[in-house]
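Right, one structure below, let's go through it.
The values are calculated or read from the model by the stated rules, or taken from the named source; none is laboratory data. What you see is a predicted model; the values in this text were computed from it and never measured. Positions of Cβ are backbone-derived with ideal geometry, glycine not excepted, and every protein chain shown enters the neighbour counts. Just the protein is used for accessible areas: all its heavy atoms, side chains included, with ligands, DNA and RNA removed. Shrake-Rupley method; radii C 1.70, N 1.55, O 1.52, S 1.80 Å.
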Amino acid sequence: MTALPPITHAEGSHVWTGDGRRFVDLMTGYGAVFLGHGHPAVTARLREQAARVWQCGRLPTASGEEAEARLREVLPEGTRPGGLYSTGMEAAEFAIRLAACHTGRREFAAFGRSMHGKSAMTSSLCWDNAPVRAGQAHVLPFVDEAGEDEILGRAARLLSGGRLAAVLVEPIQGSNGGHEASAAFYERLVALCREAGTLCVFDEILTGLHRTGTRFYADRLAAKPDITLFAKCMANGFPASSLAIPHGMDIPAEALPGSTFSGNPLAAAAVSATLEAMRALDMGTRVADIEAAVRAALGGREAAGITLRGRGAMWMLELAGPIRAGAAARSVLEAGILVSAQGRWLRLLPAATIDLALLREACDTIAAACEAASR
Ligand SMILES: Cc1ncc(COP(=O)(O)O)c(C=O)c1O
């Protein structure tokens, strides 16, 4: 990959590097800057909060209470926020601790090459992490490796042992080519978990808060998960994460993860400002327009070795056949477009506020760069 000079500043869907070049940002800080860089309302709220107080540990703050109230307005029905943390990994760890305390069980399952974070436990459940795999983690195949019926059969057998505290699910694999199971698969999985007394945890750290067109991915399902993790889109790039837990679920003291910086007043201010800004936008229409633009420019190119997967404002391009993925990624960068490139995938996470003409132009450039990188 061509080295990128240090980024000096950013605005909306553009970032500038020290050598004066401007890039269209379809990476958006791994999908966190969902309302665009330097969103005026979020920046103003952060400045205001910075002048008041930054860090108080676990003491209550006005900023924290406001963020909790804003979160309550957007969470799935029947749930409440289970605290405010700094990273997605912490929210996933908390769900794991909570599930262990709630069920009295110590084993967990998830699907191969999903992403839930990089702590020892979360990465044991998902990532390519054999050297440090924790003993209580079971990794099931996902839909890129097996048929849905086979996976559900294996999940049912594992669940019937009565030892699983939770099953973690990343509904669209954002770090593994955008693989997604059917609604019927997820609904059946939720039902199997419920029959077994196992919590079903949806990791919506990337998909949550309008990224895929609905407020949460699971809004489109008839059966709902017990716990929903979310993070990236909630504070427009400021480190913040949380989880939605059922109203009736107590949080035992031993489950609390705590951390020096979690839920700090600056993060809380960014959460309130971001959620308020989202409320003022028609997020559903914006994301639908983004989906239409990406599909029109990058869909239907399987014959050329380009497979598009995703939804809303979350897209993965799998480059195969004649296309040299490394060369394609370099050309995209040289053409002034930032995307995440990993192995044979390019990941596009445009901001919801991106100008559609700019997005169309960037997608056309990406398509041309990929096709030009054919052997
Ligand atoms: C779906 C999902 N879960 C969890 C994580 C981990 O979040 P963090 O990097 O903030 O720990 C990520 C990060 O990319 C993610 O995409």
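Taking the listed residues A273, A280, A329, the one that is within 30 Å of T43 (Cα to Cα), modelled with pLDDT of 95 or more and surrounded by 18 or more Cβ atoms within 10 Å (Cβ to Cβ) is A273, with no other qualifying.
Yes or no, residue by residue, for (1) open to solvent by 40 Å² or more (accessible area, probe 1.4 Å); (2) within 16 Å of the ligand (Cβ to nearest atom); (3) outside the structural domain of F202 (by TED's automatic domain parsing):
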site	(1), (2), (3)
G12	no, no, yes
G18	yes, no, yes
L59	yes, no, no
A92	no, yes, no
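Looking at R286, R360, R309, just one residue is open to solvent by 10 Å² or more (accessible area, probe 1.4 Å), touching a residue at least 24 places away in the same chain (Cβ under 8 Å) and in a strand (DSSP E or B), and that residue is R309. Filtering segment 343-357 to residues that are open to solvent by less than 50 Å² (accessible area, probe 1.4 Å) and either assigned to a helix (DSSP H, G or I) or charged (D, E, K, R) (or both) leaves R347, L356.
State yes or no: is D219 outside any loop (DSSP other than H, G, I, E, B) and open to solvent by less than 20 Å² (accessible area, probe 1.4 Å)? So D219 does not fit the description; no.
Residue pairs whose Cβ atoms lie under 9 Å apart, sitting 6 or more positions apart in sequence or on different chains, and linking a residue in segment 183-203 that is of a type in the set (K, R) to a partner that is outside any helix (DSSP H, G or I), are R188/A223; R194/C200; R194/A223; R194/D226. Each residue in segment 20-33 was checked for being over 24 Å from the mean Cα position of the chain (by Cα) and buried (at least 21 other Cβ atoms within 10 Å of the Cβ), and 0 of them qualify. Does E334 satisfy the condition of being farther than 30 Å from L59 by Cβ, open to solvent by 10 Å² or more (accessible area, probe 1.4 Å), acidic (D, E) and touching a strand residue (DSSP E or B) at 6+ places or on another chain (Cβ under 7 Å)? Considered against the rule, which asks whether it is farther than 30 Å from L59 by Cβ, open to solvent by 10 Å² or more (accessible area, probe 1.4 Å), acidic (D, E) and touching a strand residue (DSSP E or B) at 6+ places or on another chain (Cβ under 7 Å), E334 comes out as no.
Within segment 188-209, can you find the residues that are within 16 Å of the ligand (Cβ to nearest atom) and either over 30 Å from A277 (Cα atoms) or of a type in the set (F, W, Y) (or both)?
C200, F202
Confirm whether G300 is part of a loop (DSSP other than H, G, I, E, B) and among the small types (G, A, S). It is true that G300 is part of a loop (DSSP other than H, G, I, E, B) and among the small types (G, A, S). Taking the listed residues A137, A99, A109, the one that is open to solvent by 10 Å² or more (accessible area, probe 1.4 Å), among the hydrophobic types (A, V, I, L, M, F, W, C), assigned by TED's automatic domain parsing to the domain that holds Y217 and more than 13 Å from the ligand (Cβ to nearest atom) is A137, with no other qualifying.
Screening segment 1-109 for helices (runs of 4 or more DSSP H) wholly inside it with 2 or more residues that are on the phi < 0 side of the Ramachandran plot returns the ranges 40-50, 62-74, 88-103. Right, C126: open to solvent by less than 40 Å² (accessible area, probe 1.4 Å) and within 16 Å of the ligand (Cβ to nearest atom) or not? In short, yes.
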